[in-house]
Amino acid sequence: MTDPVTPAPKADLLLQVENVFAGYVPGLDILQGINLQLFAGEIIAIIGPNGAGKSTLAKAICGLLSPHTGEIHWRGQNIANRKPNQIVTQGICYVPQLANVFRSLTVEENLEMGAFIREIPLGDLKAKIFKMFPRLADRRRQQAGTLSGGERQMLAMGKAMMLEPDLLILDEPSAALSPKLVDDIFTKIQEINIQGTAIILVEQNARKALAMSDRGYVLDSGRDRYEGSGSQLLDDPKIAALYLGGHVSEASQQQ
């Protein structure tokens, strides 16, 4: 196993997943004792083959699935059995891969729905999102169902950011997008992180995810098989052979 990376001492532990077992059918666990840590300001990538438990882990963290064993600590408090509406108020937002916008509502109405728990004027928040995603500003009165795939993904992210979360969990944000739109989405993810939001990035585009992440976890058969910095995992021949199509990074090849 790749050696764990110890974050800088100044980093604050936000999230700790400890020995979590969870699944959708009683007696059949998808997650088989997952462990994970997230520190303030980090981007961590969750990669692995189909069926490894990546999306299941994301759902467990945000309350859509309750672990039957293990704990999920957010800022020191166990949130493993809290409901999604309770977890959202703690500063955790989740953007699923599918069905992540209200297709019959306009772009602006979607943003307003994203802030449904906030009892403040929303004008400044919407202006902030429109500045972050100029395409959405141009389409603010357009129904979300008529947007392109990339625009819908930006809207889903913008809707979540209306709550100004401390943690944004993104489940396959680049799925089914063109290479150009993938680049745009990953640029926006980095911008969100630079502004102070920690990010858990669940991605099939493993190379791109690891390249932009502080740390990464490789899941396989419901377990966290490997952990390391993004660059360590990219440069590890074993990781490359098993999960990255057999190619290590250029830097590793030159060593």
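The values are calculated or read from the model by the stated rules, or taken from the named source; none is laboratory data. Because the structure is predicted, anything quoted here is derived from the model rather than measured. A quick note on method: Cβ atoms are made from the backbone with ideal geometry, for glycine too, and the neighbour counts reach across all protein chains shown.
Tabulated data
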quantity: Matching residues in segment 163-183 - criterion: being surrounded by fewer than 17 Cβ atoms within 10 Å (Cβ to Cβ) and either modelled with pLDDT of 95 or more or not hydroxyl-bearing (S, T, Y) (or both); calculated: E164, A175, A176, P179, K180, D183
quantity: Exclusive hit being touching a Gly at 6+ places or on another chain (Cβ under 6 Å) and modelled with pLDDT under 95, set T2, T6; calculated: T2
quantity: Hits in segment 9-23 - residues which are at pLDDT 95 or above and assigned to a loop (DSSP other than H, G, I, E, B); calculated: G23
quantity: Failed item, numbered, when L242 is tested on (1) part of a loop (DSSP other than H, G, I, E, B); (2) out of contact with any Ser or Thr (no Cβ under 9 Å at 6 or more places or on another chain); calculated: (1)
quantity: Answer from N85, N81 - the residue that is surrounded by fewer than 14 Cβ atoms within 10 Å (Cβ to Cβ) and in a helix (DSSP H, G or I); calculated: N85
quantity: Selection from segment 31-47 of residues that are over 14 Å from G196 (Cα atoms) and more than 13 Å from the chain's Cα centre (by Cα); calculated: L31, Q32, G33, I34, N35, L36, Q37
quantity: Residue tally, condition among the β-branched types (V, I, T), out of contact with any Gly (no Cβ under 7 Å at 6 or more places or on another chain) and not in a strand (DSSP E or B), over segment 183-237; calculated: 5
quantity: Single condition S148 does not satisfy, out of (1) more than 15 Å from the chain's Cα centre (by Cα); (2) at pLDDT 95 or above; calculated: (2)
quantity: Positions within segment 113-134 being within 16 Å of M154 (Cβ to Cβ), surrounded by fewer than 17 Cβ atoms within 10 Å (Cβ to Cβ) and not hydrophobic (A, V, I, L, M, F, W, C), in sequence order; calculated: K128, K131, P134
quantity: Cross-chain or 6+ apart pairs with Cβ under 6 Å, segment 170-183 first and more than 20 Å from E42 (Cα to Cα), then in a loop (DSSP other than H, G, I, E, B) and at pLDDT 90 or above; calculated: A175/Q97; V182/S174
quantity: Meets criteria (more than 21 Å from D171 (Cβ to Cβ) and small (G, A, S)) for G76; calculated: yes
quantity: Count of residues meeting criterion [out of contact with any Asp or Glu (no Cβ under 8 Å at 6 or more places or on another chain) and touching a residue at least 12 places away in the same chain (Cβ under 8 Å)] in segment 18-32; calculated: 5
quantity: Tally, over segment 203-245, of residues that are surrounded by fewer than 18 Cβ atoms within 10 Å (Cβ to Cβ), touching a Lys or Arg at 6+ places or on another chain (Cβ under 9 Å) and closer than 19 Å to L168 by Cα; calculated: 1
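Yes or no, residue by residue, for (1) in contact with a Phe, Trp or Tyr (Cβ under 6 Å, 6 or more places away or on another chain); (2) among the β-branched types (V, I, T); (3) closer than 26 Å to G230 by Cβ:
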position: E42; (1), (2), (3): no, no, yes
position: I46; (1), (2), (3): yes, yes, yes
position: H73; (1), (2), (3): no, no, yes
position: A80; (1), (2), (3): no, no, no
position: N110; (1), (2), (3): yes, no, no
position: D124; (1), (2), (3): no, no, no
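One line per residue, one yes/no per condition, for (1) out of contact with any helix residue (DSSP H, G or I) (no Cβ under 7 Å at 6 or more places or on another chain); (2) over 23 Å from I189 (Cβ atoms); (3) of a type outside the set (S, T, N, Q); (4) not in a loop (DSSP other than H, G, I, E, B):
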| residue | (1), (2), (3), (4) |
| --- | --- |
| V101 | no, no, yes, no |
| N110 | no, no, no, yes |
| E119 | yes, yes, yes, no |
| K126 | no, no, yes, yes |
| R135 | no, no, yes, yes |
